[in-house]
Amino acid sequence: MKHILWVVVVFAFAKAYAQGPPITADKPIMLGGGSFTTKTLTEIRNTERGTAVYVPVMFHYLPTSNSLFAVHLPYINYDFEGGASGSALADIKVLGKYQFYRKDATGKTFRVVAKTLQSIPTGDKVDLIGLSTGFYEGYYGIVSGYETLKYGISTEVGYNWSPEATVDEFRAKFGVGLPLLKPQYPNKQVNLFFEYTSSLFTERDWYQLLYAQGIQYAGKNITFDLAVQLPLIQNLDPTRELNYSVFLGTRYTF
């Protein structure tokens, strides 16, 4: 009986935490109600225009097991050709998520959440899309995820709307996560992530398809992330083309 109980505990824990959240994508899997997560995901973005370093401090709280509220307080440093440079607070972001569908089965789960991300125009007007535009933006999307003990798949489709800036964007994301270690307790896992981001900027008639290769260490309640993002397709102003982005992150849940 003791051995059976141990197997059940290990399986349940592995089912919930075998894979940490994606790095550049999102995930509908939520922890229990009342949990709190602090996290950061630094982005070093190098474009033909110059380099920006974006460092957000994020506070995520789950009032219930199917809802999430978060505040992102970001710092940014940028250095562009032509002399434009600076260090300042970027656009503060407020995140809300609600999980409205969940179906669990033995060793797998499928979930869907509604998501909104509100960007408050506290940053410099440097037209760093997604980081610091200095204009209000409201993003509305649907995130879905299917996860087993052997792999995880996440998708996201949404629209970013800004009434004053020309950064309206139809966004789609797709990611696959692969755990490299067998499920174990206490939880210890190394995950590989393969993530795609498709962005159509409707007002500028720009299109960009990006690919991110990431690796993650997930412990009992902490994760460490590393990813490199590269462009696959770019139809932008030549001065805005992405050369690469590097992501460095960590998160702690308690």
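Looking only at residues of segment 138-162 that are at pLDDT 95 or above and more than 17 Å from K173 (Cβ to Cβ), we find that the one that is most open to solvent (accessible area, probe 1.4 Å) is W161. For segment 99-122, a residue qualifies if it is surrounded by 14 or more Cβ atoms within 10 Å (Cβ to Cβ) and closer than 19 Å to Y146 by Cβ, and the qualifying residues are Q99, R102, G107, K108, T109, F110, R111, V112, V113, A114, K115. Scanning segment 180-219 for residues that are closer than 21 Å to K108 by Cα and in contact with a helix residue (DSSP H, G or I) (Cβ under 9 Å, 6 or more places away or on another chain) yields K182, P183, Q184, Y185, P186, N187, Q189, A218.
Of the candidates L210, L181, L200, L230, the single residue that is exposed (fewer than 15 other Cβ atoms within 10 Å of the Cβ) and outside any loop (DSSP other than H, G, I, E, B) is L230. You will find that of L73, L41, the residue that is within 30 Å of L236 (Cβ to Cβ), open to solvent by 50 Å² or more (accessible area, probe 1.4 Å) and not basic (K, R) is L73 and no other.
Against the list (1) modelled with pLDDT of 95 or more; (2) of a type in the set (D, E); (3) in a loop (DSSP other than H, G, I, E, B), the condition D124 fails is (1).
Is it the case, given these coordinates, that L95 is open to solvent by less than 20 Å² (accessible area, probe 1.4 Å), on the phi < 0 side of the Ramachandran plot and either aromatic (F, W, Y) or at pLDDT 95 or above (or both)? Taking the combined requirement at face value, the residue satisfies it. Close contacts from segment 175-189, counting a first residue that is more than 13 Å from T148 (Cα to Cα) and a second that is in a loop (DSSP other than H, G, I, E, B) and of a type in the set (A, V, I, L, M, F, W, C), with Cβ to Cβ under 8 Å and a gap of 6+ residues or different chains, come to G175/A25; N187/A18; K188/L181; Q189/A18; Q189/L180; Q189/L181.
The values are calculated or read from the model by the stated rules, or taken from the named source; none is laboratory data. Keep in mind that what you see is a predicted model, and the values were worked out from it rather than measured. Reconstructed Cβ throughout: ideal geometry from the backbone, glycine too, with neighbour counts over all protein chains shown. For accessibility, only protein heavy atoms count, side chains too; no ligands or nucleic acids. Shrake-Rupley method; radii C 1.70, N 1.55, O 1.52, S 1.80 Å.
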